[in-house]
Structures are given as C-alpha cells and as structure tokens.
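For reference, the structure discussed in these notes is given below.
None of the figures in this text is laboratory data; all of them are computed from the coordinates on show. Just so it is clear, the structure is predicted and the values come from calculations on it, not from any experiment. In this analysis, Cβ positions are derived from the backbone assuming ideal geometry, glycine residues included, and neighbour counts consider all displayed protein chains.
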Amino acid sequence: MATTELEILNGLGKIINEITGIPASEVTPEKSFVDHLDIDSLSMVEIAVAAQDEFGVEIPDDQLKHLKTVKDVINFIQN
Amino acid sequence: MSTDRVRVVVTGLGATTPLGGDVASTWSGLVAGRSGVRPLNQEWIDVLPVGFAAPAAVDPTEVLPRPEARRLDRAEQFALVAAREAWRDAGSPEVDADRLGVVVGSGIGGITTVLSAYDTFKEKGWQRLSPFTIPMLMPNGAAGWVGLEVGAKAGVHSTVSACATGAESIGYALEMIRSGRADIVVAGGTEAAIHPLNLASFAAMRALSTRNDEPERASRPFDKNRDGFVLGEGSGIIVLESLEHARARGARIYAEALGVGYSADAHHIAQPEPEGRGIVLAMERALANAEIAPSEVLHINAHATSTPAGDVMEAVAIKSAIGDHPVVTATKSMTGHLLGGAGGVESVATILSLVNRLVPPTTNLDDPDDGVEIDVVRGEARALPEGEIAAINNSFGFGGHNVAVVFKTFHS
C-alpha cells in the first residue's frame, strides 16, 4: 500500500509529539533529529519502534543510525 | 549546643499522597482525620486476600506531561511531582549547582516497571521494551530524575532501607550539609507498589490488614484490633538548607532539622526486635545528635504501621527513650503505609505540626492495646503549646533499620 510523503510526515509528527512532546508542526522534512529537534538516541529507538507499528516497515538498528533527518525516515519508509 | 556546627533548616515541602496531590490537601486531610484507603476495583483482587489499598489521590500522569510520564516509573513520577512542589515552595532558588544535592530513595524501586516490562518481553520480544526500562526500574532512578530537574552536582544519592528509606534520606541530606558537602539538598522518599504481586507478597508475610468489609477502618495503629498495615503510595520531599544559605537568600524557614539517629536491630530480617532496643537506641542517638533533652520533644510522628508486632513495641520504646509527655500520632491511620515514601511524607507532617502547632489525630484508635502507655491523639487534632519545641519522626524498615529524625520550631 502506497503511503504518501505527507501521510508519513503527519504520522511521524504524531509519534514524535507523543514521545518527546515536540509539537507535530515542528516536525518538518529538513529537520535533523539531533541538531534541530534535540532528540536523544533512546528516544530515537522509541520513535523507530512506533514508526514500525504505524507504517509496517522495520527499521533495523544499523539503518536507524543513518537516518539523520525527518526526510531520511520518510524516504526509508517509502522505499 | 556547640557553636561551630552548621545549622540546617527546612525551606521547602512537597508531597503527593493518598490524601491529596500536594502538601496543602494532604495536610488538611490529615487534620480532618480523612481516610485515603479505598477498595480496589481491578479484576485481579479476586485472587488476593486483600481488596483495598491507599492509592494516590491524584494520578501523577494527570500532572506530568505525557512524554515525561512515559519515561518514568510511577515511583519516579511521584518523586518528581513532590520534588517540583518542594523546590517551588523553597522559591526555586538560583543556587550554585556544585553545592546542590539530592537524596531520594524508594523501598522497592521500579517494581511495576519490572513486572510490566517482563510481560512485554515475553509477549512481544526485546525490541518492544522501552529503552527507558532500566532507568525506570533502578532504585536510584527517582534521585536521578530529581537531580536532573534541579541540576544538582554536589551529589545525587539513594538510600534504601525499606520503610525507613524516606527518613534515612533526610538524615543523609542533613549530614551532607553539616559535613560541608552541600548548602542545599532536596531529600525524601517515594513508592509506587500497589500491584497484585506486592499485595500478595505482603499478604504472604501476613503483614497486611484483611479487613475487607471496612477498608477505611483497616489502618488502626496502636488499636487492640489492628491486623496489619494498608499499602499506600506516593512521595514526600523536603528542601534542607544551611541556615546561613537560607538567610542569605531570604528564604522562608519552616523548621530546623536538628538531628538524626540511626540504629540496626541485628535481630531478624523482618520482625522487630521484641524489646524495642533498636528503636530506643535510634531515638536516643537522635536526641544526642540534636543536642536536646527528652523533655524538649513534645510531639512524635510514630512509625506505627498497624501491624500486630510493631506498634506496641514502639509505644514502649517511646515511653522509655522520650517519656509519656509527647503528643504522639500515627498518620498511617489515614495515608496507609507508603513504605519508602513514608518517612518523607511523615517528615512533612511532623514539620507542619510544628509550624501550625497542631497534631493530626490517629484515626480508628478505638481501644488502645495493652502497653500503649503514651499520649496518642484520638478524635480531633490536638494543639501544641507555644515556645520552642522539638518533634521526632520515627521510621523503621524490614532489614532491622531504625531512623529517628528531630525537627524543631524555628524563630528568626
């Protein structure tokens, strides 16, 4: 099932808000998780697990460390 | 009194208890003799001999932001709520982080996290565990979070001594300031252990009341018909500060933290030593540490949990170590037993009794047991006299730990 970039972005926004409290509106494609959103590595693990449940795409640990921005995650899920 | 010793005062109070989500509501509940004990309605109570407890009046997840709550065990949540109140109450002071400490402990730690995480692990696999599982279950987790909250760098510690934990934390904090390691320390205890396994395990010890037909009457310290304690939950945290530091910043001072006494029974892992010698020793050492005479102690907030074994022994020990003149109360009759949180909450109560010159009643004390030859407040709250007076908070724990903390009225 194809999921649009916007749908993934909105889903990620909800997940990130739930886990970190960052407003979903601040979760935009160009944002870096570490530099812009100040999300630590433990929270990234939580976000990755929640994203797997939401989008049905497994994000292995060795891939997760390469996903630096919101756009990286969107691309990973889409592909 | 030696003149060179650092004097320590209390400048902030925080609590979240079965009687209320803050200090004010907890105190008014205590003074009114209100019970925080309620029947439990979870599906699992059918398999237990005990169907009631004293849950926190305000669920911490209603107070804390959701992203914060999900990373904290319930015991840590209580501690953070109480510590924030205490810190605000102290004026949220700007202090030198290197001179700021934290001592917060819990009797059992993140027990509900352990149990639910194990279920998650078995049912869904390790990948589904929260990456915060370890910081949620470690017994020093609450101290760690409170330390982060206030930015403490002098030292963040957790004393663990079962039901004496909260009082021992306050004693340790007092010593941190006296020894020159810190100017200001956030200290107390927390517990969140209302879970079927804990209720079952305490029931297996025959330690819990099974008065299922009258839960509000179940916690009855010193009463002849007591049959065990009632499990409570919550946290009590205070801010201790050197008098010099408190004066320099113009802080409001509740009371002086005058001394602490410790002892150990060396008798049995869970049963109190039958002569109460350890308890006497803790109170005597507390008086010596506070450099006061027994006659100056006009109030005692007793440990008195409503178990058959402990209460009379404490009454006898109080009479022996202090005398029969102090006005004694057992606030667990209303809050239930908060285990590691008890010493924190009861220190808050002891301090407010000095400030307000009012001792909350011991509820459900219809018929004092043989050997209770001390002045326990029944019925209505009782006034304390004017003038400089001291009070003791007793806390004892499985393992044979005995702690007595002395507070005194403060006049600037």
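For the stretch B:198-225, backbone nitrogen atoms closer than 13 Å to the point 7 Å from B:Asp370 Cα along Cα-to-C-beta are found at B:224.
Restricting attention to the stretch B:8-248, close to 60% of DSSP beta bridges with both partner residues there are antiparallel.
A crude spin-label estimate for the pair B:Val114 and A:Glu54, with each label 7 Å from Cα along the Cβ direction, gives 3.4 nm. What you get for the stretch B:260-409, charging only the Cβ of Lys and Arg (+1) and of Asp and Glu (-1), is a dipole of about 440 debye around the Cα centre. Over all other residues within a Cβ to Cβ distance under 14 Å of B:His157, the charged ones net out to 0, with Lys and Arg as +1 and Asp and Glu as -1. For the stretch B:260-409, the alpha-carbon coordinates run over 41, 36, 28 Å along the three principal axes, in decreasing order. With a threshold of 25 Å on the Cα-Cα distance, the over-threshold entries among A:Lys71/B:Lys122; B:Lys332/B:Lys408; A:Lys68/B:Lys153; A:Lys65/B:Lys153; A:Lys31/A:Lys65; A:Lys65/B:Lys122 are A:Lys71/B:Lys122; A:Lys68/B:Lys153; A:Lys65/B:Lys153; A:Lys65/B:Lys122. Within a Cβ distance under 9 Å of B:Lys408, other residues only, what is the Lys/Arg minus Asp/Glu net charge? That works out to -3. Summed over all non-identical Cα pairs, the Kirkwood treatment of the stretch B:267-320 gives a radius of 12.0 Å. Rounded to 0.05, the FRET efficiency of the A:Asn75 and B:Asp59 pair, given R0 = 35 Å and the Cβ-Cβ distance, is 0.30.
With the gyration tensor restricted to C-alpha atoms of the stretch A:3-75, the semi-axes of the equivalent ellipsoid amount to 15, 14, 12 Å, longest first. Membrane-span-like helices in chain B, defined here as complete DSSP H runs extending at least 18 Å along the helix axis by their C-alpha atoms with mean Kyte-Doolittle hydropathy no lower than 0.5, are B:277-290, B:342-356; this is a sequence and geometry rule, not a statement about a membrane.
Per the Kirkwood formula applied to alpha carbons, the protein assembly as shown shows a radius of gyration over Rh ratio, Rg over Rh, of 1.04. Computed with the Debye formula from one identical point scatterer per Cα of chain B, without solvent, the log10 of I(q)/I(0) at q = 0.06, 0.13 Å⁻¹ comes to -0.21, -1.01. Note on the protein assembly as shown: with charges restricted to the Cβ of Lys and Arg (+1) and Asp and Glu (-1), its dipole about the Cα centre is near 480 debye.
The Cβ shell under 12 Å around B:Pro39 holds other residues with a net charge of -1, Lys and Arg each +1, Asp and Glu each -1. Of the residues B:Leu339, B:Gly110, B:Asn394, the one whose Cα sits farthest towards the positive end of the charge dipole of chain B is B:Gly110 (charges of +1 on Lys and Arg Cβ, -1 on Asp and Glu Cβ, taken about the Cα centre).
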